[in-house]
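Chemist: Okay, here's the structure, questions in a sec.
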Amino acid sequence: MVFNLSEWLVERFVPDHEKVEDGDVRARYGFLEAWVSIIGNILLAALKVFLGISLNSIALLADAVHTASDVLTSVVVLVGFRAARMPADKEHPFGHGRVEPIATLIIAILLAVVGLQFASTSARRFFGTEAVDGSILIAGVLAATGIAKEWMARFSVALGRKINSGVLVADAWHHRSDAVATMLVAVAIVATSLGYPRFDAVFGLIVSALVIYTAYDIGMSAASTLIGERPSPELVDRIGAIVRNVKGVKSMHKISVHDYGSGRKVISLHIQVDGALPVTESHEIAERVEDAISSQINAITTVHVEPPEPPAREGL
């Protein structure tokens, strides 16, 4: 059996990790990703500083600063999930879950800045005479730390997909951008020693475009969530399946879903019941529908009852 560090961390530090729609469980996933990222970045930055001073390598010291700066985005993740976890209050009756997409938007902006810095550095290196000095040993150290950062990126993506969190995916791209930057320095050292000083600049420009596009895509997704978007077909189908299993419901329509972040939703819909039923029985069916949806989806549900459509009269 192969040991999986990501799964072990989730099982060890996220109680009830299967309940990914629960707000507290989502927050624990976010806290785990943030602290792994913060501790990992601090350790990697410290290692690069130590080796940079020992080997008198400017490349390693500069890369250490880049790695240390990634702690900022992880702090944004930590603060975002902590704020989103706050309970509802008088001013925010549906909770603070939308802090999460706000944090995603902030990280997307920071990621775009990183992409632009990549592009600027790569362009200067391509058109200028600046070369990266170093040894094969330094290149090897950089490559090893780049692999560690890529693991952190994959860990963040895995947790982000598990709880459907854009902010964790955004933080993953910050890790990946640092991993790529580190690898670029390593490649530049090797390529320069082989007589190809512009090789990493071309690669850097391509990666810069990818990072900027990813920042745009993540930012637009977060903005769309904040503005309000229609529910996914999968969620509508899931709600429909739940409602159809409630005895007494003839049909349903006018499904409306408002997403307040952290898996918290407000759902309203109309159902049709037998028009001959007393009002009290119709109300009981509506309550059963509300309870059924709310027990399976983290949502406040409101159901409006309507009589069935009268049959069309022939000849009209």
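The values are calculated or read from the model by the stated rules, or taken from the named source; none is laboratory data. As the structure is a prediction and not an experimental result, all values here were calculated from the model. Note that we place each Cβ from the backbone using ideal geometry, even for glycine, and neighbour counts take in every protein chain shown.
Chemist: Kindly check whether there is at least one residue in the range 300-311 that is of a type outside the set (D, E, K, R), assigned to a loop (DSSP other than H, G, I, E, B) and modelled with pLDDT of 85 or more.
Modeler: First, pick out the residues of the range 300-311 that are of a type outside the set (D, E, K, R): 300-305, 307-308, 310-311.
Within this subset, residues satisfying the condition of being assigned to a loop (DSSP other than H, G, I, E, B) are 307-308, 310-311.
Remaining after also requiring modelled with pLDDT of 85 or more: none.
For the range 300-311, residues of a type outside the set (D, E, K, R), assigned to a loop (DSSP other than H, G, I, E, B) and modelled with pLDDT of 85 or more: absent.
Chemist: Please find, within the range 92-125, the residue that is surrounded by the fewest Cβ atoms within 10 Å (Cβ to Cβ) out of those that are free of Cβ contacts under 8 Å to residues at least 12 places away in the same chain and not in a helix (DSSP H, G or I).
Modeler: Here the residue is P93.
Chemist: Here's a follow-up. Taking V257 as the residue in question, decide whether it is farther than 30 Å from L159 by Cβ, buried (at least 18 other Cβ atoms within 10 Å of the Cβ) and either at pLDDT 85 or above or assigned by TED's automatic domain parsing to the domain that holds V77 (or both). Lay out the reasoning, then the answer.
Modeler: Values: farther than 30 Å from L159 by Cβ: no; buried (at least 18 other Cβ atoms within 10 Å of the Cβ): yes; either at pLDDT 85 or above or assigned by TED's automatic domain parsing to the domain that holds V77 (or both): yes.
Answer is no for this residue.
Chemist: Being farther than 22 Å from A84 by Cβ and either surrounded by 14 or more Cβ atoms within 10 Å (Cβ to Cβ) or modelled with pLDDT under 85 (or both): is that true of R288 here?
Modeler: yes
Chemist: If you go through the range 234-284, how many residues are among the polar types (S, T, N, Q) and part of a strand (DSSP E or B)? Step through it out loud before you land on a result.
Modeler: From the range 234-284, those among the polar types (S, T, N, Q) are 245, 251, 256, 262, 268, 272, 280, 282; that's our starting set.
Filter once more, so that each one left must be part of a strand (DSSP E or B): 251, 256, 268, 272.
The qualifying residues number 4.
Chemist: Could you run through the range 191-209 and say how many residues are surrounded by 19 or more Cβ atoms within 10 Å (Cβ to Cβ) and either outside any helix (DSSP H, G or I) or touching a residue at least 40 places away in the same chain (Cβ under 8 Å) (or both)? Explain how you work it out, then say what you get.
Modeler: From the range 191-209, those surrounded by 19 or more Cβ atoms within 10 Å (Cβ to Cβ) are 191, 200-201, 204, 207-208; that's our starting set.
The next check asks that each one be either outside any helix (DSSP H, G or I) or touching a residue at least 40 places away in the same chain (Cβ under 8 Å) (or both); those that pass are 200-201, 204, 207-208.
Residues in the range 191-209 being surrounded by 19 or more Cβ atoms within 10 Å (Cβ to Cβ) and either outside any helix (DSSP H, G or I) or touching a residue at least 40 places away in the same chain (Cβ under 8 Å) (or both): 5 in total.
Chemist: Determine, yes or no, whether V243 is surrounded by 12 or more Cβ atoms within 10 Å (Cβ to Cβ) and at pLDDT 90 or above. Give the steps one after another, and end with the answer.
Modeler: Numbers: surrounded by 12 or more Cβ atoms within 10 Å (Cβ to Cβ): yes; at pLDDT 90 or above: yes.
Yes; evaluated as a whole, the condition is true for this residue.
Chemist: Filter the range 165-203 down to the residues that are touching a Lys or Arg at 6+ places or on another chain (Cβ under 6 Å) and modelled with pLDDT of 75 or more and list them by number. Steps first, answer last, please.
Modeler: Just the residues of the range 165-203 that are touching a Lys or Arg at 6+ places or on another chain (Cβ under 6 Å), to begin with: 175, 178-179, 201.
Answer for the range 165-203, where residues must be touching a Lys or Arg at 6+ places or on another chain (Cβ under 6 Å) and modelled with pLDDT of 75 or more: H175, D178, A179.
Chemist: Under 6 Å between Cβ atoms, at least 6 apart or on separate chains: pull out the pairs that start in the range 234-247 with a residue that is within 12 Å of I271 (Cα to Cα) and end on any residue that is modelled with pLDDT of 90 or more.
Modeler: V243/V289; V246/R288; V246/V289; V246/A292
Chemist: Only one residue in A112, A83, A88, A108 is more than 30 Å from F199 (Cβ to Cβ), out of contact with any Ser or Thr (no Cβ under 8 Å at 6 or more places or on another chain), modelled with pLDDT of 85 or more and of a type outside the set (V, I, T). Which one? Working first, answer last.
Modeler: On the way: A112 fails: more than 30 Å from F199 (Cβ to Cβ); A88 fails: modelled with pLDDT of 85 or more; A108 fails: more than 30 Å from F199 (Cβ to Cβ).
It is A83.
Chemist: May I ask you to verify whether S268 is under 30 Å from S165 (Cβ atoms) and without any contact (Cβ under 8 Å) to a residue 24 or more places away in the chain?
Modeler: On the way: under 30 Å from S165 (Cβ atoms): yes; without any contact (Cβ under 8 Å) to a residue 24 or more places away in the chain: no.
It is false that S268 is under 30 Å from S165 (Cβ atoms) and without any contact (Cβ under 8 Å) to a residue 24 or more places away in the chain.
Chemist: Might you check whether a residue that is more than 21 Å from A46 (Cβ to Cβ) and assigned to a loop (DSSP other than H, G, I, E, B) occurs anywhere in the range 170-180?
Modeler: no
Chemist: Given the conditions (1) within 26 Å of the chain's Cα centre (by Cα); (2) under 19 Å from I206 (Cα atoms), report the number of the one that V169 does not fulfil.
Modeler: (2) is the only condition that V169 fails.
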